[in-house]
Amino acid sequence: MQSIYFLIPISLVMFVCAIFAIYYAIKSRQFDDLDNESQRVILDDRQFRRKQLKSASTAPNIQK
């Protein structure tokens, strides 16, 4: 019985923390675009590589 008096307040505090975490995630717009976020990382990397290759091909070749 003594453990119940200890576990109930701890579970209520954890419940409030979980609700706050969900509220914060929704408020900071983390759930807006769940489908395209995984693809955005790959596409950003491809665009970066294309820019690097384009700048490397347009840069003058300096030969010694």
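The values are calculated or read from the model by the stated rules, or taken from the named source; none is laboratory data. Note that the structure is a prediction, hence the values are computed from the model and not measured. Virtual Cβ from ideal backbone geometry, glycine too; neighbours counted across all protein chains shown. In case anyone asks, the SASA skips ligands and DNA or RNA and just uses the protein heavy atoms, side chains included. Shrake-Rupley method; radii C 1.70, N 1.55, O 1.52, S 1.80 Å.
Can you give the accessible area per residue of the chain, in Å², using a 1.4 Å probe?
Solvent-accessible surface per residue comes out at 105 Å².
Computed on alpha carbon atoms, what radius of gyration and Dmax characterise the chain, expressed in Å?
In order Rg, Dmax, the Cα atoms of the chain give 25.5, 85 Å.
Of the accessible area of the chain, with the probe set at 1.4 angstrom, what percent is carbon plus sulfur?
64
Mind giving me the FRET efficiency for Phe48 and Ala25? R0 is 25 Å, r the Cβ-Cβ distance, nearest 0.05 is fine.
Computed FRET efficiency for Phe48 and Ala25: 0.35.
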